[in-house]
Amino acid sequence: MNCELAHERIVLSAYGELSDEFQHELDRHLAACTECSEERQQLLALKTLAAVHPVIEPDANLVARSRLRLEEALDSLPPRRWYERFGQSIVNNFSSLQAAPVAACLLLVVGAGAGTLGGYEFAEGRAAHVAGRAQAAEAATAQTAQQNHAQTVAANPAEVANISSIVRQPNSDMIEVHYNQVVPQRIQGSLDDPAIRQLLMLASENSSAGVRDDSVGLLAAECRAGHSCKGEGMRDALIVALRYDKNEGVREKALQGLEPYVSEDMRVRDAVLEALLYDTDPRIRTEAISILQPVEADTSVRQVLSSVATSDHNPHIRTVSREVLNRAPVIQ
């Protein structure tokens, strides 16, 4: 056994994936090769060190999105031709038989090649049959999922990978949401539908900029209208969008949707104050000052406005803050 082959088998041995026959051969090589023996000890030490740290399970949404991206990448690969598969089969068989006599290797290689050529037509027909069955099963699965998708989304939002588009029918409360699970899905219902609300909140975080803009706009309109904009649901989604979304238009719509609750909800007030202090868009900062005017007598609001009025780098922001402070009643 050469050192290159030993390096490959050391990894398999460390994780218990090496057969007994190859394990004995590897042990004989390690007894005679100091370099390979040291590499094995280093790998075992690294494996022991890695086992000390806890394994963090990935988020269900991350797993679903990663699976979809992997499937798209695999679908984009060109199919391998029969002679490429035949050549790879010869290489694999030859690599696994390096320790055997030359005559046995040649005999097995010839047998593998003959078997590959002889079974090519059968494999092609079998693949077509399996593909047809898979398509039929996929169609049946899609039909079943379409019948139950509203209940699935409401009960298990983590099964939704992402939202692809949102369309509101003109002059109607009906919303059509296209979302992805294993296969693309869609759901249609009013803004009062719990499944529609759940998808809109999910779209505000895990979609493209255009879809996020649509979803946050609809959520903001519902909150401004006072329709079930509770802290544990839609209001939280708007706070997250205001704080973290990279799109200025999305953040502005979230700010407008939170406006009615700035006086009653301290969390909303804190989010608006953060937008005033740290948002990169002067238009959003100016609008945040306007929204804070109903609670300008609050101590924390006055402190932030005073700080902005004296030290902000934007002259317009400083001016607007001073005007608001001058109109605010003096706290006794």
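Bear in mind that the values in this text are calculations on the coordinates, not laboratory data. Keep in mind it's a predicted model, so treat the numbers as computed, not measured. So basically every Cβ, Gly included, is an ideal-geometry build from the backbone, and we count neighbours across all protein chains shown.
What is the calculated FRET efficiency for Ser208 to Asp20, with r their C-beta to C-beta distance and R₀ = 51 Å, to the nearest 0.05? Let's see the in-between values first.
Numbers: r = 53 Å, r/R0 = 1.04.
About 0.45, to the nearest 0.05.
Based only on other Cβ atoms within 10 Å, what is the fewest-to-most ordering of Glu39, Glu17?
Lowest count first: Glu17, Glu39.
Across the Cα atoms of segment 1-56, what radius of gyration and what greatest pairwise Cα-Cα distance (Dmax) are found, in Å?
Looking at segment 1-56, its Cα Rg and Dmax stand at 12.2, 40 Å.
Whole angstrom only: what separates the Cα centroid of segment 26-42 from the Cα centroid of segment 225-279?
The distance from the Cα centre of segment 26-42 to that of segment 225-279 comes to 61 Å.
Multiplying the sequence separation of Arg243 and Thr48 by 0.36 nm and subtracting their Cα-Cα distance, what value in nm do you get? Each step should come with its number before you reach the end.
Numbers: separation 195, 0.36 × 195 = 70.20 nm, distance 4.10 nm.
Separation in residues times 0.36 nm, less the Cα-Cα distance, equals 66.1 nm.
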